[in-house]
Every structure is written in structure tokens, then in C-alpha cells.
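Single-structure report; data block below.
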Amino acid sequence: MRQREEFGWPVRVYWEDTDAGGIVFYANYLKFFERARTEWLRSLGIHQRELRESSGGMFVVGAAALDYHRPARLDDQMLVTARIAELGRASLVLEQQAWLLDDQGRRVQLLCEGRIRIGWVNAAQMKPARIPATLLQVLNP
């Protein structure tokens, strides 16, 4: 995957994702975005637990800014995307979106979008550190 390519992960809306009115609770988009980022890393051969054990470091969210456009509802099928917008030596910024899909799996409406800044830290001390060079090569081939 190249730096600017988009990764997509399908998500179905369940009762646990919604409020009493059957609308996705706003904070759950952060969970959906986290799942898509995790699966994106997995698609690159990066497994976060193994990465922490082998390198002593891990990614943590440093900032998140979301814009909500339309509500997702119970049983909706969505595509949650992730794309690197910026890649530095100690952090990266991902642009993420949640799209409502129609019955044929086509994007029909942008529901939510966000910019998530992910930093690399030494896991034992939780202090910022540089992303390992081997990991940078995978993220930016």
C-alpha cells in the first residue's frame, strides 16, 4: 500500500453502537475509526501486540478532530476508510471517513470524517520516540 492509498473496512451498525433512538452514538465513530486503523496496519503485516513486544514501542492517539455530516442508524452497512495524510519521524496523521453503503456496497453518503494524529511512544515509559525506520519503510514504501 502506498502512502496516499485509501484502506476500507466494512462495519455494520449494531444495537450496542446506537442510542435509544437507534442513531449511532457520536463517540462510537472513534471506535469505528480505531478498528479501521488496526485492520489497515494488519493489512500491511503490522500486528500491534507483536510490534510492541518486538520494538518496545506503540502508537497512541494524540489528537482527533471529527466532523459529523449525517447519522448512521441501526443495521446500516458502512465503509470506514483510513489514509495517511502526513507521515513524520515520530507521528502520522490519518484522514478517516465513515460512508453509508447501499445494498450493492456502493458509497452513497458521507456520515463522518476525521483527522487523527497518531504518535509513537516508548511503551514502558509512555514517552514520545521516533517511529522505527523499518516501520516507516512499510508505511511509506
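The values are calculated or read from the model by the stated rules, or taken from the named source; none is laboratory data. Just so it is clear, the model here is predicted, and its values are computed rather than measured. Note: ideal-geometry Cβ built from the backbone for every residue, glycine included; neighbour counts use all protein chains shown.
Annotations
Results for (1) within 20 Å of residue 22 (Cβ to Cβ); (2) loosely packed, with under 14 Cβ neighbours inside 10 Å; (3) under 12 Å from the mean Cα position of the chain (by Cα); (4) touching a residue at least 24 places away in the same chain (Cβ under 8 Å), shown as yes or no for each residue.
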{"position": "64", "(1), (2), (3), (4)": "no, no, yes, yes"}
{"position": "76", "(1), (2), (3), (4)": "yes, no, no, yes"}
{"position": "86", "(1), (2), (3), (4)": "no, yes, no, no"}
{"position": "90", "(1), (2), (3), (4)": "no, yes, no, yes"}
{"position": "97", "(1), (2), (3), (4)": "no, no, yes, no"}
{"position": "101", "(1), (2), (3), (4)": "yes, no, no, yes"}
{"position": "120", "(1), (2), (3), (4)": "no, no, no, yes"}
{"position": "124", "(1), (2), (3), (4)": "no, yes, no, yes"}
{"position": "127", "(1), (2), (3), (4)": "no, yes, no, no"}
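- Condition met for residue 80 (buried (at least 16 other Cβ atoms within 10 Å of the Cβ), at negative phi and modelled with pLDDT of 95 or more): yes
- The residues of the range 103-118 that are touching a residue at least 24 places away in the same chain (Cβ under 8 Å) and hydrophobic (A, V, I, L, M, F, W, C), listed by number, are 110, 111, 112, 116, 118.
- Boolean, residue 134 is under 12 Å from the mean Cα position of the chain (by Cα), of a type in the set (S, T, N, Q) and either modelled with pLDDT under 95 or buried (at least 16 other Cβ atoms within 10 Å of the Cβ) (or both): no
- Qualifying positions in the range 52-61 - among the small types (Gly, Ala, Ser) and either touching an Asp or Glu at 6+ places or on another chain (Cβ under 7 Å) or surrounded by fewer than 16 Cβ atoms within 10 Å (Cβ to Cβ) (or both): 54, 56
- For the range 20-51, filtering for residues that are of a type in the set (A, V, I, L, M), loosely packed, with under 14 Cβ neighbours inside 10 Å and modelled with pLDDT of 95 or more leaves 1.
- Residue list for the range 103-118, filter: surrounded by fewer than 17 Cβ atoms within 10 Å (Cβ to Cβ) and over 16 Å from residue 40 (Cβ atoms): 103, 104, 105, 106, 107, 108, 109, 110
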